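Visitor: Below is a structure I'd like to ask you about.
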Amino acid sequence: MDAMPSAPLAGRVVLVTGVSRRRGIGHAVARRLGGMGAGLFVTHHRAHDEAQPWGADDLSAVLGSLREAAPRVADLAADLADPGAPEAVVEAAVAAYGHVDALVCVHARSGSDGPLSALDPAWLDAHWQVDARSTLLLTRHFAAQHDGRPGGRVVWFGSGQHLGPMPSEVAYTAAKGALIGALPTVAAELAERGILLNAVNPGPVDTGHLPPKEDFPGFDVAFPLGRYGAPDDAARLVAWLVSDEGAWMAGQHLSTEGGFRRG
């Protein structure tokens, strides 16, 4: 068995969306892939974070952290609720690097959601636009620029919505469920072009919005390893899928949850 090279993604370019907070999964994914030698093109949408309880991060610090790990970093502010944003993002990445080898869609909309009894049409539309439509369009435009060279990869993110209830997140789970429902169909089409599409369910990850475990009734039962997931737990799985080690995976929705027990 051959050993993995020290920089297995050297010479490749990865586009990662949702990279706006150092505590976020997007940052962990980008930093890990950059550490494997990939050139990075990342997107962020600071206005979204500013509207959340956890607030926005220092963008210069986020990008500085990536530059410590990656050989090259380029970025673009993008509101992926805009129907034209996915094409603009891919065009900007191609303009910066000439070609993009892999796409990792980590972005998601938070807030503006609730139970079925309070469901608002605007909530459904907003989550569909960001959590499903933009990912499908990013994938379309990524595939259009891909020239068939080895290493073509796309990774989507689910949220375990197929494994159990997510109370008061009807709009979010509906959009993510639609996206993951399309996974086998899109993966089959992309495989014919030498691009491998898979999805990751990161489980409950502590990105700054989960309560302290002392305030979580039944924490020890729900989390048998004694902790929440960390952003890098999901990043390690993404790194494997994007690398040549994941060259025989296509159309799979993989969970990395540390034995998380629902209910």
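Visitor: Would the stretch 52-59 turn up any residue that is hydrophobic (A, V, I, L, M, F, W, C), open to solvent by 50 Å² or more (accessible area, probe 1.4 Å) and in a loop (DSSP other than H, G, I, E, B)?
Guide: yes
Visitor: If a residue must be open to solvent by 60 Å² or more (accessible area, probe 1.4 Å), in contact with a His (Cβ under 9 Å, 6 or more places away or on another chain) and either assigned to a helix (DSSP H, G or I) or of a type in the set (V, I, T) (or both), how many such residues does the stretch 83-131 contain?
Guide: 2
Visitor: Name the residues in the stretch 213-242 that are closer than 17 Å to A199 by Cβ and outside any helix (DSSP H, G or I), would you?
Guide: Selection gives G229 alone.
Visitor: Take E87 and decide whether it is at pLDDT below 95 and within 26 Å of R133 (Cβ to Cβ).
Guide: No: the conditions fail for E87.
Visitor: Looking at (1) more than 30 Å from A118 (Cα to Cα); (2) buried (at least 21 other Cβ atoms within 10 Å of the Cβ), which one does A171 not meet, given that it meets all the others?
Guide: Checking A171 against (1) more than 30 Å from A118 (Cα to Cα); (2) buried (at least 21 other Cβ atoms within 10 Å of the Cβ), the one that fails is (1).
Per-residue answers, yes or no, for (1) free of Cβ contacts under 8 Å to residues at least 60 places away in the same chain; (2) closer than 21 Å to S243 by Cα; (3) open to solvent by 10 Å² or more (accessible area, probe 1.4 Å):
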residue	(1), (2), (3)
S6	yes, yes, yes
G11	yes, yes, yes
V14	no, yes, no
G37	yes, yes, yes
H48	no, no, yes
V62	yes, no, no
V73	yes, yes, yes
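Visitor: Sticking with this structure for a sec: Out of (1) surrounded by 15 or more Cβ atoms within 10 Å (Cβ to Cβ); (2) farther than 21 Å from Q52 by Cβ; (3) charged (D, E, K, R), what's the single condition that is false for D206?
Guide: If we test D206 against (1) surrounded by 15 or more Cβ atoms within 10 Å (Cβ to Cβ); (2) farther than 21 Å from Q52 by Cβ; (3) charged (D, E, K, R), just (2) comes out false.
Visitor: Still on this model: Among A247, A182, A234, which is of a type in the set (G, A, S) and buried (at least 20 other Cβ atoms within 10 Å of the Cβ)?
Guide: Answer to the selection: A234.
Visitor: Name the residues in the stretch 11-23 that are within 10 Å of the chain's Cα centre (by Cα) and over 15 Å from R67 (Cβ atoms), would you? Give the steps one after another, and end with the answer.
Guide: Within the stretch 11-23, the first condition is being within 10 Å of the chain's Cα centre (by Cα), and the residues that meet it are 16-19.
Listed by number, the residues that qualify are T17, G18.
Visitor: So D215 passes all but one of these: (1) open to solvent by less than 30 Å² (accessible area, probe 1.4 Å); (2) over 20 Å from the mean Cα position of the chain (by Cα). Which condition number does it fail?
Guide: Unmet condition: (1).
Visitor: Quick check on L163: is it modelled with pLDDT under 95, in a loop (DSSP other than H, G, I, E, B) and either charged (D, E, K, R) or in contact with a strand residue (DSSP E or B) (Cβ under 9 Å, 6 or more places away or on another chain) (or both)?
Guide: Criteria met by L163.
The values are calculated or read from the model by the stated rules, or taken from the named source; none is laboratory data. This is a predicted model, so every value here is computed, not measured. Here the Cβ is made from the backbone with ideal geometry for all residues, glycine too, and neighbour counts use every protein chain on show. Surface accessibility is based on the protein's heavy atoms, side chains included, excluding ligands, DNA and RNA. Shrake-Rupley method; radii C 1.70, N 1.55, O 1.52, S 1.80 Å.
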